[in-house]
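Peer 1: Following this message is one structure expressed as structure tokens.
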Amino acid sequence: MNYWLFLIPVISAFIGWVTNWIAIKMLFHPRQPKRILGFTLHGIFPKRQKVFAEKLGKLVSDELLSYEDIQQKITSPENLKKLMPLIEGHIENFLRVKLKDEMPFISMFIGDRTIKSMKRIFMQELEILFPQIMKNYTGNLRSELDLEKIVTEKVAAFSTEKLESILYQIMSKEFRFVEIIGGVIGLIIGLVQVLITVWTT
């Protein structure tokens, strides 16, 4: 038996691993277009960064962080309840301290019962008014801030080095898995070639 045949799976595994490694590198490199033997080589992400930024901007504004979601969160009764103790504290301080400092004559006629009544009325009005104010605020915010445009411009302005770093941080395990799979597939193909060669000789 020719024992050199057993080098075939090793070589095939190496070729499979190297091929996938190169494919992953070509997602980001070369960062600038380069002409080699009449062909223009350019990393997929650097080449398509503008399109990627536009798609991501649309995805974020339509699906991940829509103004409707922001408005719903801001105007939700649960969030208002969380703010109520803080608002109530400010109203209490205003009626008992600031009003006395600013208008001492009026404060002379406002006792504890009056302060409690006024605070209760203010809180009731705020519960009605606050969601309307925030709804109007987010409506104005939507017309002034183009979320899709902001995300698109930010991503498009990323350097290719930063984009590569971010994607590697997110997908480093997946990239490594792709490289290993390339080696495993190459090994299997090499073993099949050896078996075919042995059986046919």
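Bear in mind these aren't lab numbers, they're just calculated from the coordinates by the rules spelled out. In this text, all values refer to a predicted model and were calculated from it rather than measured experimentally. With ideal geometry, Cβ positions are generated from the backbone for all residues, glycine too; neighbour counts draw on all protein chains shown.
Peer 1: Among D69, D101, D146, whose mean-square fluctuation peaks in a Gaussian network model of the chain (Cα, cutoff 10 Å)?
Peer 2: Comparing D69, D101, D146 in a Gaussian network model of the chain, the most mobile one is D101.
Peer 1: So, by mean Cβ neighbours within 10 angstrom, what's the order for 116-123, 31-38 with the highest one leading?
Peer 2: The peptides rank, most packed first, as 116-123, 31-38.
Peer 1: Still on this model: Near K73, which aspartates and glutamates are there with a Cα under 17 Å away, not counting those fewer than 8 places off in the same chain?
Peer 2: D62, E63, E127
Peer 1: Where in the chain are the DSSP H helices whose alpha-carbon span along the long axis reaches 18 Å or more and whose Kyte-Doolittle mean is at least -0.5? Before the final figure, lay out the partial values.
Peer 2: Numbers: long enough: 7-25 (27 Å, 1.49); 44-59 (20 Å, -0.34); 77-93 (24 Å, -0.58); 112-144 (45 Å, -0.57); 160-200 (53 Å, 1.04).
Result, helices passing both filters: 7-25, 44-59, 160-200.
Peer 1: Output the pairs from K50/K173; K47/K154; K50/K135 with a Cα-Cα distance over 28 Å in this structure; if there are none, say none. Write out the running numbers ahead of the final one.
Peer 2: Numbers: K50/K173 26 Å; K47/K154 17 Å; K50/K135 33 Å.
Long pairs (Cα-Cα over 28 Å): K50/K135.
Peer 1: For a quick check, take a GNM of the chain with Cα springs below 10 Å and name the residue from I11, I106, I150 with the largest mean-square fluctuation.
Peer 2: Its mean-square fluctuation being the largest, the pick is I106.
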